[in-house]
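The values are calculated or read from the model by the stated rules, or taken from the named source; none is laboratory data. If you're wondering where the values come from, they're calculated on a predicted model, not measured in any experiment. Positions of Cβ are generated from backbone atoms using ideal geometry, with glycine treated the same way; all protein chains shown enter the neighbour counts.
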Amino acid sequence: MSTQEQTRAAPAGETKTGQESPIIEIRNVTKIYGGTVKAVDNVNLTVGRGEFFALLGPSGCGKTTLLRMLAGFETPTSGEVIIDGHNMATVAPNKRPVNMVFQSYAVFPHMSVEKNVGYGLRMDGRPRSEIRARTEEALELVKLGGYGKRMPNELSGGQRQRVALARALVKRPSVLLLDEPLSALDAKLREAMQLELVRLQQTVGITFVIVTHDQSEALSMANRIAVMNQGQVRQVATPAELYEYPNCRFVADFIGKINLIGAKSVRTGEGRVKVTVPVLGEIELQGQAAGDVALAVRPEKIFVSETKPNDPDIITAKGRVGEVAYYGSFSNVFFDIGVGSPILADIGNVSRDIEAFTFKKGEEYWLYWRKGDTLVLAD
C-alpha cells in the first residue's frame, strides 16, 4: 500500500476583533450558588464591537451562567459586567443594550409571526407605523418576508428559530446573546443555520455572543472562542489558534479529535524540550511544558506507510490496525503502537479504488507525523 497523504485546508483568514474598544468587559466575575458552588470563577473577558464571540465548554462549565449575567438574569457575587462603557450592576434586564435568543426560542404560540416579532416594540409603546416597518425589516433580514400572518404551528423548527432571531433583532440591541440557539434542530438544518447566523451577524454588524457545547458550531461561526471548564476560562483564541495551538490538555481534547500520549519532558533551552515517550524514545521538540506532559498530535496529521520513512523531521512508530470506522470521505483507523491508548489516524479516501483504502484488523504499518505538528502539553 502506498503512503496515504491527506489534504490539509489552510486556515481561513480571521476577522479582526476590535479589541481597542471592547463593547463587553467582564472583570473578575465570580458567581457562587448556595455559598459553596462556584458556577463562574474569577472570569476576565473582553468582546470587541461587531465580533462574533463564542463561549464554549461542557455542560456545567459556567458558560450559560456567564451569559445570563450579561443579560441581567443573574447577578455576579463579585466582579463587574461592563457593556458599552457602562457598569450593569444596577441596570435591569429590560434596560440593557442587549437582547437574548433562548434555546427553546420562546415563541408565543397564540400570536402570529408579525405579532411575535413586534412584541417588544409594543411593550415599549412604539407607534404602530414604526412597529410595522421595523417588523417587516426584521423579517426580511431573517428571510421570512411574507410570513407575518402565519402562526408558529405553521412553521418548521428552523423558521421558528428565525422568528426568535427577528424578535431579538427588531429592538436593535448593541449585543445579541444566543443560548444554544441551534440545539433543537436536526443536523442538516443546524449546519444551514450556522451559515445563516454568520450572514446575519455580518449584515447587521452588531456583536453576537453565543453559548454552545458544540465545537464545530463554535469553530465554524465565531471570530474568537473562550473555552471554559469548571467555571474558569482555559483559553481565548481564534478558531484556528485553538485547534492548532491549544494551551493545555483539556482544550486540546475538547476541541476536535487528538491523540494524547503520556510522556516526561525536560527543558533543554529557550522554547525547546526533550520528551521521553514509551516506544518512541527521546524526541527534541518545541515547547515549554516540563515534567509529566502529553505528546499531542491531530489524527489528520498522521500518515501511514508500508515502509519506514527516513526523515529527521518526522516521528515514526510501528502500529497494528485495530478498529476501523468508514465515513465515506475518510476513515478513522485506530493503531496499537504499544503506548496504552490506540492512536487514531484520519485517512482520506481520495480514490474510488476501494481495496486501496481498506485496512484489515491486525495488519502492521508505519505511522509518521511531522515534529512541527506535535505539541507538548501540560494540564
* Structure fact -> For Val47, the lone unmet condition from (1) in contact with a Phe, Trp or Tyr (Cβ under 6 Å, 6 or more places away or on another chain); (2) closer than 25 Å to Gln159 by Cα; (3) in contact (Cβ under 8 Å) with a residue 60 or more places away in the chain is (2)
* Of all helices (runs of 4 or more DSSP H) completely enclosed by region 86-161, which ones contain at least 3 residues that are over 30 Å from Pro22 (Cβ atoms)? -> 113-117, 128-141
* Complete set of residues in region 229-247 that are over 23 Å from Glu191 (Cβ atoms) and touching a strand residue (DSSP E or B) at 6+ places or on another chain (Cβ under 6 Å) -> Gly231, Gln232, Val233, Arg234, Gln235, Val236, Asn247
* **Spans of strands (runs of 3 or more DSSP E) in region 15-84 with at least 2 residues of a type in the set (S, T, N, Q) and at negative phi** => 37-48
* Asked: Just wondering, is there one or more residues in region 80-98 that are within 29 Å of Leu155 (Cα to Cα) and in contact with a strand residue (DSSP E or B) (Cβ under 8 Å, 6 or more places away or on another chain)?
  -> yes
* To do: Just give me the residues in region 327-346 being in contact (Cβ under 8 Å) with a residue 12 or more places away in the chain and either over 25 Å from Lys264 (Cα atoms) or touching a Ser or Thr at 6+ places or on another chain (Cβ under 6 Å) (or both), in sequence order.
  => Gly328, Ser329, Phe330, Ser331, Asn332, Val333, Asp346
* Asked: Restricting region 299-316 to residues that are touching a helix residue (DSSP H, G or I) at 6+ places or on another chain (Cβ under 7 Å) and not in a helix (DSSP H, G or I), which is surrounded by the most Cβ atoms within 10 Å (Cβ to Cβ)?
  -> Ile315
* Quick one: which strands (runs of 3 or more DSSP E) lie wholly within region 322-378 and hold at least 3 residues that are surrounded by 19 or more Cβ atoms within 10 Å (Cβ to Cβ) and in contact with a Leu (Cβ under 9 Å, 6 or more places away or on another chain)? => 330-336, 375-377
* Asked: Does Gln202 qualify as being closer than 20 Å to Arg68 by Cα, among the polar types (S, T, N, Q) and within 32 Å of the chain's Cα centre (by Cα)?
  -> no
* Flag if Lys171 is loosely packed, with under 15 Cβ neighbours inside 10 Å, assigned to a loop (DSSP other than H, G, I, E, B) and of a type in the set (Lys, Arg) -> no
* Asked: Where in region 183-274 are the helices (runs of 4 or more DSSP H), entirely inside, with at least 2 residues that are under 30 Å from Asp84 (Cβ atoms) and of a type in the set (A, V, I, L, M, F, W, C)?
  -> 187-204, 215-221, 239-244
* Structure fact -> For region 138-154, pairs from a residue that is in contact (Cβ under 8 Å) with a residue 40 or more places away in the chain to a residue that is not polar (S, T, N, Q), with Cβ under 6 Å and 6 or more apart or across chains, are Val142/Arg162; Val142/Leu165; Val142/Ala166; Pro152/Val107; Pro152/Pro109; Pro152/Arg160
* Residues that are under 21 Å from Tyr368 (Cβ atoms) and either in the same structural domain as Asp214 (by TED's automatic domain parsing) or not charged (D, E, K, R) (or both), drawn from region 266-292 -> Val273, Val275, Thr276, Val277, Pro278, Val279, Leu280, Gly281, Ile283, Leu285, Gln286, Gly287
* Structure fact -> Per the filter on region 305-329, residues of a type in the set (S, T, N, Q) and either farther than 23 Å from Glu282 by Cβ or out of contact with any Phe, Trp or Tyr (no Cβ under 7 Å at 6 or more places or on another chain) (or both) are Thr307, Asn310, Ser329
* Structure fact -> Residue pairs within 6 Å by beta carbon, gap of at least six or interchain, first lying in region 307-324 and over 18 Å from Ile261 (Cα atoms), second not hydroxyl-bearing (Ser, Thr, Tyr), listed first then second, are Lys308/Trp366; Asp313/Lys371; Glu323/Phe334; Val324/Val333; Val324/Phe359
